[in-house]
Amino acid sequence: MSSSKTEPETNYQTLLQTHPDFIIDEKKGLCFGKVPLQSLTDHYGSPVWVINADILTSRFQKLSKAFLQNKMDISIHYAVKANDHLAILDLLAKEGAGVDIVSLGELKRALKVNINPRKICFSGVGKREEELKAAIQLEIGQINVESREELHLISKIAMDTGKKAAICLRINPDVDARTHHKITTGLAENKFGIAYEQALQVYKEASQLDNILPLGFDVHIGSQISSVEPYKKAFLKMAKLVKQARKEGLEVSVLDCGGGFGISYYDEKESDPYALANLMQGIFSSLNIRICIEPGRWLVGPAGILISKVVRRKNNGPEAPPFIILDAAMNDLLRPAMYDAWHGILPIQAEIYKRPLEKQNIDGPICESSDIFARQRLLPQLRENDEIAILDAGAYGHVMSSSYNARPQALQLMIKDKRLFVIKPRQTFESLWNNETIPNG
């Protein structure tokens, strides 16, 4: 549902069943992790992002427990691109997570919260020379190499700096992840990774470079994957590759299995960490190898929401669904416009749930026809000044937001131990142009 153009026949009761962290109290209205939401905009304005640290921590512990239960040598690297806020990085680091980064900026964020460089892996198909140099000088845990050309650039930089760079080769296994075409990364037609057929030869090259320490292989086939079948196909190919490399006398100590674990946006089956752990254990147990995973969305997605207020109820004729115009927009949450992504929507005030259900179009105020959150969504009738929560917005939400239409970015709150903390204030109008200059003459 997260990437479908077809609006499902929704029922907010079904949404509540698949999202147990939300309850509707008859007096307090919608609660998120037992914290009432209806008074938040009175204090903090709207729109506002909310991250529940307790839910995030619980999800990390559940994921970790699933792999530890199988007695697997596992390293969990949080995919920073999902949500790069320092408070989230700090929280997960204290739980024992490393990080998967894709830029120098993300590297600096990780260092800002004192993440050990040895617990950092660096992914990405277009790493710049300055980024690689910084990573090599810090002696980070591993660089996931996307091409033969990148391998030789890393070797040159390592030689120039007098360091030895630890690397894994990212392999493209040509496996269909069965997800949205914009977030699939493991097909031969995708730009990511080294072709499976070339992997062994490139790994041999890496082993012959003096300033390169080849650790093993990396594979990441896509995002929002709910079935274990695509993983099974990819992991079987990777296990075969490890055996082939060792048969050639090459040392392989690490297998980075990537991330992409799916969540339930409506009623889809969420990736089961125990099923994934069992799958990996069954395929990799005989290899005596350290496994890495790079979850992002699965950890932080369900831990975040975007709260918005209705600014206009625009009737569209007696037979057509009304347009419900929110004060949140595509500059806040881009995913529906960019991926046709489906997000659950729940009213916040208790009294709204006493109204009749009707199909409504939920839109943002931006001057783009793609500024859409839902089409013909069956919800209790919404009116001006009502508040709603857009669910599962913790991943690829605020981190992808902008100030398009000169709209300041929304304030961010964190719920921690049922207490509220402002973790990023609302952007001021002045900050939109503070760094701009008008040339003289």
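The values are calculated or read from the model by the stated rules, or taken from the named source; none is laboratory data. What you are looking at is a predicted structure, and each value in this text was computed from that prediction instead of being measured. Cβ sites come from the backbone with ideal geometry, for glycine too, and all protein chains shown count toward neighbours.
Structure notes:
- Some residue of the range 390-411 being within 27 Å of Pro20 (Cα to Cα) and exposed (fewer than 12 other Cβ atoms within 10 Å of the Cβ): no
- Among the residues of this structure, Ser147 does not count as one that is among the small types (Gly, Ala, Ser), in contact with a Cys (Cβ under 6 Å, 6 or more places away or on another chain) and within 28 Å of Met280 (Cβ to Cβ).
- When the range 424-441 is limited to residues that are touching a residue at least 12 places away in the same chain (Cβ under 8 Å) and more than 16 Å from Ala406 (Cβ to Cβ), the one that is surrounded by the fewest Cβ atoms within 10 Å (Cβ to Cβ) turns out to be Pro425.
- Neighbours by Cβ (under 7 Å, 6+ apart or cross-chain): first from the range 141-156, buried (at least 22 other Cβ atoms within 10 Å of the Cβ); second part of a loop (DSSP other than H, G, I, E, B) and at pLDDT below 95: Glu146/Val125; Glu146/Phe192; Glu146/Gly193
- Meets criteria (in contact (Cβ under 8 Å) with a residue 60 or more places away in the chain and in contact with a strand residue (DSSP E or B) (Cβ under 8 Å, 6 or more places away or on another chain)) for Arg312: yes
- For the range 17-49, the tally of residues that are free of Cβ contacts under 8 Å to residues at least 12 places away in the same chain and of a type in the set (A, V, I, L, M) stands at 1.
- Scan of the range 216-228 for residues that are crowded, with 24+ Cβ neighbours inside 10 Å, farther than 25 Å from Gln137 by Cβ and either out of contact with any helix residue (DSSP H, G or I) (no Cβ under 8 Å at 6 or more places or on another chain) or not hydrophobic (A, V, I, L, M, F, W, C) (or both), ordered by number: His220, Gly222, Ser223, Gln224
- Only one of the numbered conditions (1) loosely packed, with under 14 Cβ neighbours inside 10 Å; (2) part of a loop (DSSP other than H, G, I, E, B); (3) touching a residue at least 12 places away in the same chain (Cβ under 8 Å); (4) not hydrophobic (A, V, I, L, M, F, W, C) is not met by Gly259, and that is (1).
- Residue list for the range 255-299, restricted to those being of a type in the set (Val, Ile, Thr) and more than 18 Å from Val219 (Cα to Cα): Ile263
- In the range 117-140, the residues that are under 21 Å from the mean Cα position of the chain (by Cα) and crowded, with 17+ Cβ neighbours inside 10 Å: Lys119, Ile120, Cys121, Phe122, Ser123, Gly124, Lys127
Residue-wise test of (1) assigned to a strand (DSSP E or B); (2) out of contact with any helix residue (DSSP H, G or I) (no Cβ under 9 Å at 6 or more places or on another chain); (3) at pLDDT 85 or above.
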{"site": "Lys163", "(1), (2), (3)": "no, no, yes"}
{"site": "Val175", "(1), (2), (3)": "no, no, no"}
{"site": "Lys204", "(1), (2), (3)": "no, no, yes"}
{"site": "Asp210", "(1), (2), (3)": "no, no, yes"}
{"site": "Pro214", "(1), (2), (3)": "yes, no, yes"}
{"site": "Pro230", "(1), (2), (3)": "no, yes, yes"}
{"site": "Lys233", "(1), (2), (3)": "no, yes, yes"}
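- Filtering the range 1-34 to residues that are touching an Asp or Glu at 6+ places or on another chain (Cβ under 9 Å), of a type in the set (A, V, I, L, M) and either over 23 Å from Asp332 (Cα atoms) or modelled with pLDDT of 95 or more (or both) leaves only Leu30.
Okay, residues lined up against (1) surrounded by fewer than 16 Cβ atoms within 10 Å (Cβ to Cβ); (2) in contact with a Lys or Arg (Cβ under 7 Å, 6 or more places away or on another chain); (3) not assigned by TED's automatic domain parsing to the domain that holds Ser227:
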residue: Phe22; (1), (2), (3): no, no, yes
residue: Ser39; (1), (2), (3): yes, no, yes
residue: Gly45; (1), (2), (3): yes, yes, yes
residue: Val48; (1), (2), (3): no, no, yes
residue: Ala82; (1), (2), (3): no, yes, no
residue: Ala87; (1), (2), (3): no, no, no
residue: Lys94; (1), (2), (3): yes, no, no
residue: Asp100; (1), (2), (3): no, no, no
residue: Gly105; (1), (2), (3): yes, no, no
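- Applying the set (1) crowded, with 21+ Cβ neighbours inside 10 Å; (2) touching a strand residue (DSSP E or B) at 6+ places or on another chain (Cβ under 9 Å) to Pro273 leaves exactly one unmet item: (1).
- Looking only at the range 329-371, and only at residues there that are among the small types (Gly, Ala, Ser) and assigned to a loop (DSSP other than H, G, I, E, B), the one that is nearest to Ala395 (Cα to Cα): Ala341
- When Tyr12, Tyr78 are screened for being in contact (Cβ under 8 Å) with a residue 24 or more places away in the chain, surrounded by 16 or more Cβ atoms within 10 Å (Cβ to Cβ) and more than 22 Å from Ile415 (Cα to Cα), only Tyr12 passes.
- Residue in the range 412-423 that is under 21 Å from Pro321 (Cα atoms) and in a loop (DSSP other than H, G, I, E, B) present: no
- Helices (runs of 4 or more DSSP H) within the range 43-137 that include 3 or more residues more than 25 Å from Ser285 (Cβ to Cβ) and of a type in the set (Lys, Arg): 104-112
- Some residue of the range 310-328 being part of a helix (DSSP H, G or I), surrounded by fewer than 22 Cβ atoms within 10 Å (Cβ to Cβ) and out of contact with any Pro (no Cβ under 9 Å at 6 or more places or on another chain): no
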